[in-house]
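K.L.:
Dropping the structure in here first, questions after.
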Amino acid sequence: MPDSLPQTLYATFAAKIDAALGALEMEGALPPGSDRASVSVEPPRDPAHGDLSTNAAMVLAREAKTNPRALAEKIVAKLEGDPLVSSAEIVGPGFINLRLSDANWLHELSAIERLGGDYGRSARGHDRRVNIEYVSANPTGPMHMGHCRGAVVGDALAALLEFAGHQVVREYYVNDAGSQVQTLARSVHLRYREALGEAVGAIPEGLYPGDYLVPVGQALAAEFGGRYAAAPEGEWLDLFRERAVAAMMAMIRSDLALLGIVHNVFASEAELQRAGKPEAAEAWLREHDLVYDGVLEAPKGKTLEDWEAVELPLFRSTSFGDDQDRPIRKSDGSWTYFGADLAYHMQKAEGVDAMIDIWGADHAGTVKRIKAAVAALGEGGGQNGRGPIPFDVKLVQMVQLLRDGEPVKMSKRSGSFVTLADVVEEVGKDVVRFTMLTRKPEAQMEFDFAKVVEASKDNPVFYVQYAHARIRSTLRKAGAEGLGPDAGALDRLGADELALVKLAAQFPRAVEAAAEAREPHRIAFYLYDLAAGFHAFWNMGNDDPAKRIIRLEEPALTGARLFLAERVAQVIRNGLGILGVQAVEEL
């Protein structure tokens, strides 16, 4: 964000409170260098309590060696003389509630106009580089709705962190070294023989049955003819695996593009292993005494007769909060999934300041061990001499697909699931993306094809889009009457209009709070509240003609209300942009 962009209201008052605290330090009421990191400036939960609230006195009272109310009185004394502060009140044990003059809110409307698409953009990320790994579906078929929610959450989080001042690497980890891709190769070989005219019959149990492999087999038949039809598996398995994975990844990229999702990096597990990264990781961990050779305890329920103790290289994950140490290799010397994953995270950590993984909820059991592994990378100054790297795992629950309340049947094309492409084709990208963010990712979700396109307040997608479309329609109607937005008479706006301004002005703080919590769904929640505020304001005009936005007999007031409406539309566009959703002109 350019340094010349003006501060928005929350940043302005955060600076004022910081200046007041600095003055108190100069006077000796606060010790020099007091830790202000936890001081916040927020809207009160109840708007009746004021416009802004700060916990400054609560946070700093102990350092000041006084009680919070006594410190709050000194802070209030510094703020009361500010012409932009109408009143400052101490409530409860020491919170400070501020009421701001109307001039603040009118100034904020002008700030929204000046900043446009940059309104709400923040530099709080300080250009820190964050790696977000999301989707990472096995390359064995098209994307399905089980992948969709994590894909949207990860992509919206990436956009949110960029909007809040981070550099973001969007990464996809291609699991192309496991047994599942060997099965894929065998499934493709069957389709290859089928393309050559062989009657293959029913797809054998254990192979992938979907029709999406038919064109892959046909392409191989066109390229190689019958060369590998009866050849031993060892002659074609690796070749067919590579070609099949490439075809599946092309399909996955295409499916993700339907949602507007493009990754910066596709990291291959097979390439990771060919490059010797797991061996390098093991060597580094042994050097730091984080891997040792030991014997695992017998699994619960196993007896000595059916359990053979084998010495394996074990990672000391119990030193980092895990419930047992974890093997990084199997008894045959091949890498465990955890061992390969550990090496992958070591690779990802190079050159980034933080890492975030978006996983399905079915991976909950592996969170503790991979967090232990990443924590270990910070031991002894860290693998790059930078110490521990902040790492977070976001778990995303599956989505249950319904149609009028009934479970949706599987797709013929996939053979076992509903494809993402089918869903996007039916309801559209914007509906899918917004809907995936209407609940916290860890909460269960139902996606009912009938409800997500319903034109009602109960459908958040429609409700937010309708607010923007309604504003744009109003501006077009006013333009036909020769009227347009005008900031010259903003002092004509009353309490009802200012309440809407205050909602719009919360957007920059909503962005920062969502980015700090790594929760993009907060933006969807905020947009719903802003849309509700606008619809409520609009509906006042249905009951009282004096409240209507367009009043031909009062062009100055109409201009001011249109200016307000246009600014609300701008905030909605900015929020939807973070979510990857288009703001429509009409519905």
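K.L.:
Look at A524 and say whether it is under 29 Å from T438 (Cα atoms) and assigned by TED's automatic domain parsing to the domain that holds R492.
P.N.:
yes
K.L.:
Here's another thing I want to ask about it. What's the number of the condition D211 fails, among (1) surrounded by 17 or more Cβ atoms within 10 Å (Cβ to Cβ); (2) farther than 27 Å from F338 by Cβ?
P.N.:
Unmet condition: (1).
K.L.:
Let me confirm something: among S101, S53, S38, S86, which residue is touching a residue at least 24 places away in the same chain (Cβ under 8 Å) and among the polar types (S, T, N, Q)?
P.N.:
Being touching a residue at least 24 places away in the same chain (Cβ under 8 Å) and among the polar types (S, T, N, Q) holds for just one of S101, S53, S38, S86, which is S53.
K.L.:
Here's something else I'd like to know. Exactly one condition in (1) surrounded by fewer than 20 Cβ atoms within 10 Å (Cβ to Cβ); (2) among the hydroxyl-bearing types (S, T, Y); (3) modelled with pLDDT under 95 is false for T183; which is it?
P.N.:
If we test T183 against (1) surrounded by fewer than 20 Cβ atoms within 10 Å (Cβ to Cβ); (2) among the hydroxyl-bearing types (S, T, Y); (3) modelled with pLDDT under 95, just (3) comes out false.
Residues checked against (1) closer than 13 Å to A565 by Cα; (2) at pLDDT 95 or above; (3) part of a helix (DSSP H, G or I):
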{"residue": "T474", "(1), (2), (3)": "yes, yes, yes"}
{"residue": "L483", "(1), (2), (3)": "no, yes, no"}
{"residue": "L498", "(1), (2), (3)": "yes, yes, yes"}
{"residue": "A514", "(1), (2), (3)": "no, yes, yes"}
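K.L.:
Something else: Which residues, counting only those in the range 484-497, are surrounded by fewer than 18 Cβ atoms within 10 Å (Cβ to Cβ) and either of a type in the set (D, E, K, R) or touching a residue at least 60 places away in the same chain (Cβ under 8 Å) (or both)?
P.N.:
G484, D486, A487, G488, A489, D491, R492, D496
K.L.:
Then there's this: Please determine whether any residue of the range 327-334 is aliphatic (A, V, I, L, M), outside any strand (DSSP E or B) and either under 27 Å from the mean Cα position of the chain (by Cα) or under 30 Å from M398 (Cβ atoms) (or both).
P.N.:
yes
K.L.:
Also, quick follow-up: Only one of these is in a helix (DSSP H, G or I), surrounded by fewer than 17 Cβ atoms within 10 Å (Cβ to Cβ) and in contact with a Leu (Cβ under 9 Å, 6 or more places away or on another chain): R99, R114. Name it.
P.N.:
Going through R99, R114 in turn, just one is in a helix (DSSP H, G or I), surrounded by fewer than 17 Cβ atoms within 10 Å (Cβ to Cβ) and in contact with a Leu (Cβ under 9 Å, 6 or more places away or on another chain): R114.
K.L.:
Only one of E205, E233 is acidic (D, E) and without any contact (Cβ under 8 Å) to a residue 24 or more places away in the chain. Can you tell me which?
P.N.:
Being acidic (D, E) and without any contact (Cβ under 8 Å) to a residue 24 or more places away in the chain holds for just one of E205, E233, which is E205.
K.L.:
Let me ask something additional. Sort through L377, L395, L401, L314 and tell me the only one that's within 22 Å of E282 (Cβ to Cβ), hydrophobic (A, V, I, L, M, F, W, C) and in contact with a strand residue (DSSP E or B) (Cβ under 7 Å, 6 or more places away or on another chain).
P.N.:
Only one candidate qualifies: L314.
K.L.:
Follow-up. For the range 302-310, indicate whether the set of residues that are assigned to a helix (DSSP H, G or I) and surrounded by 16 or more Cβ atoms within 10 Å (Cβ to Cβ) is non-empty.
P.N.:
no
K.L.:
Next up: Which residue pairs have Cβ atoms under 7 Å apart, sit 6 or more places apart or on different chains, and have a first residue in the range 272-289 that is within 14 Å of P313 (Cα to Cα) and a second that is assigned to a loop (DSSP other than H, G, I, E, B) and of a type in the set (V, I, T)?
P.N.:
E282/I328
K.L.:
Within the bounds of the range 56-64, is there any residue that is in the same structural domain as A23 (by TED's automatic domain parsing) and over 37 Å from the mean Cα position of the chain (by Cα)?
P.N.:
The answer is yes; a qualifying residue exists.
K.L.:
Starting from the range 14-26, take each residue that is among the β-branched types (V, I, T) and list its partners that are outside any helix (DSSP H, G or I), counting only C-beta distances under 6 angstrom and pairs at least six apart or across chains.
P.N.:
Close Cβ pairs satisfying both conditions: I17/T54.
K.L.:
Same structure, new question: With the structure loaded, tell me whether I132 is outside any helix (DSSP H, G or I) and either at pLDDT 95 or above or more than 35 Å from the chain's Cα centre (by Cα) (or both) or whether it fails that test.
P.N.:
When the stated conditions are applied, I132 passes them.
K.L.:
Filter the range 378-413 down to residues that are farther than 24 Å from E133 by Cβ and assigned to a loop (DSSP other than H, G, I, E, B) and give me whichever is modelled with the lowest pLDDT.
P.N.:
So, considering only residues that are farther than 24 Å from E133 by Cβ and assigned to a loop (DSSP other than H, G, I, E, B), the one modelled with the lowest pLDDT is K412.
K.L.:
Moving on. Among the residues of the range 352-371, which ones are aliphatic (A, V, I, L, M), in a strand (DSSP E or B) and buried (at least 20 other Cβ atoms within 10 Å of the Cβ)?
P.N.:
If the condition is that a residue be aliphatic (A, V, I, L, M), in a strand (DSSP E or B) and buried (at least 20 other Cβ atoms within 10 Å of the Cβ), then M355, I356, I358 are the ones that fit.
K.L.:
Can you confirm whether the range 141-162 contains a residue that is out of contact with any Leu (no Cβ under 9 Å at 6 or more places or on another chain), closer than 30 Å to M58 by Cα and either surrounded by fewer than 22 Cβ atoms within 10 Å (Cβ to Cβ) or hydrophobic (A, V, I, L, M, F, W, C) (or both)?
P.N.:
So far as the range 141-162 goes, yes, one or more of its residues are out of contact with any Leu (no Cβ under 9 Å at 6 or more places or on another chain), closer than 30 Å to M58 by Cα and either surrounded by fewer than 22 Cβ atoms within 10 Å (Cβ to Cβ) or hydrophobic (A, V, I, L, M, F, W, C) (or both).
K.L.:
Considering only residues that are surrounded by fewer than 23 Cβ atoms within 10 Å (Cβ to Cβ) and under 36 Å from the mean Cα position of the chain (by Cα), which ones fall in the range 531-548?
P.N.:
Hits for the range 531-548 are A532, G533, H535, A536, F537, W538, N539, M540.
K.L.:
On the basis of being closer than 22 Å to Q397 by Cβ, surrounded by fewer than 19 Cβ atoms within 10 Å (Cβ to Cβ) and of a type outside the set (F, W, Y), does N175 make the cut?
P.N.:
On the way: closer than 22 Å to Q397 by Cβ: yes; surrounded by fewer than 19 Cβ atoms within 10 Å (Cβ to Cβ): no; of a type outside the set (F, W, Y): yes.
So N175 does not fit the description; no.
K.L.:
Tell me, which residue of the range 514-559 that is without any contact (Cβ under 8 Å) to a residue 40 or more places away in the chain and of a type in the set (A, V, I, L, M) is nearest to S473 (Cα to Cα)?
P.N.:
It comes out as A536.
The values are calculated or read from the model by the stated rules, or taken from the named source; none is laboratory data. Computed from a prediction, not measured in an experiment: that's the story for all the values here. Positions of Cβ are backbone-derived with ideal geometry, glycine not excepted, and every protein chain shown enters the neighbour counts.
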